[in-house]
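The values are calculated or read from the model by the stated rules, or taken from the named source; none is laboratory data. Quick caveat, the model's predicted, so the values are computed rather than measured. Glycine also receives a Cβ, built like all others from the backbone with ideal geometry; neighbour counts cover every protein chain displayed. SASA here: full protein model, heavy atoms, side chains in, ligands and nucleic acids out. Shrake-Rupley method; radii C 1.70, N 1.55, O 1.52, S 1.80 Å.
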Amino acid sequence: MGYRAHLVAKRVVEYRGSLYEDNYDKLSEFFERLGVQYYNTENQEYLEVDTEDLLALKDKLDSLELNEQERVDLSDLIRIAETAQYARDDGFVRIEWF
């Protein structure tokens, strides 16, 4: 029992697409409009978006008032929430800024 350091033997990250280019505030507004819970770091390095909230939007996608790019972005997020093992295990989809 205690705080121990652990070595990372393998970490694989695959990036797909980008959201809102360089506008962090617009991306946050997008999630707030959708009622999706998210966590953002203080220095805005990444967002973690709740997997279950994204999956709950799957059946509502066609009825949401979204422009075409927002619809594509949300579809991509839902696809990752469905297929990424980490999203199912950890309960979030991560969006990184770099």
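Brief remarks follow.
- Residue selected from the stretch 21-35 under the condition part of a loop (DSSP other than H, G, I, E, B) and at pLDDT 70 or above, by the criterion surrounded by the most Cβ atoms within 10 Å (Cβ to Cβ): Asn23
- Count - residues of the stretch 78-93 that are touching a strand residue (DSSP E or B) at 6+ places or on another chain (Cβ under 9 Å) and open to solvent by 80 Å² or more (accessible area, probe 1.4 Å): 2
- Among the residues of the stretch 78-87, those identified as touching a helix residue (DSSP H, G or I) at 6+ places or on another chain (Cβ under 8 Å), free of Cβ contacts under 8 Å to residues at least 40 places away in the same chain and within 23 Å of Gln44 (Cα to Cα) are Ile78, Ala81, Ala87.
- In the stretch 46-69, the residues that are of a type outside the set (A, V, I, L, M), at pLDDT below 90 and surrounded by 13 or more Cβ atoms within 10 Å (Cβ to Cβ): Tyr46
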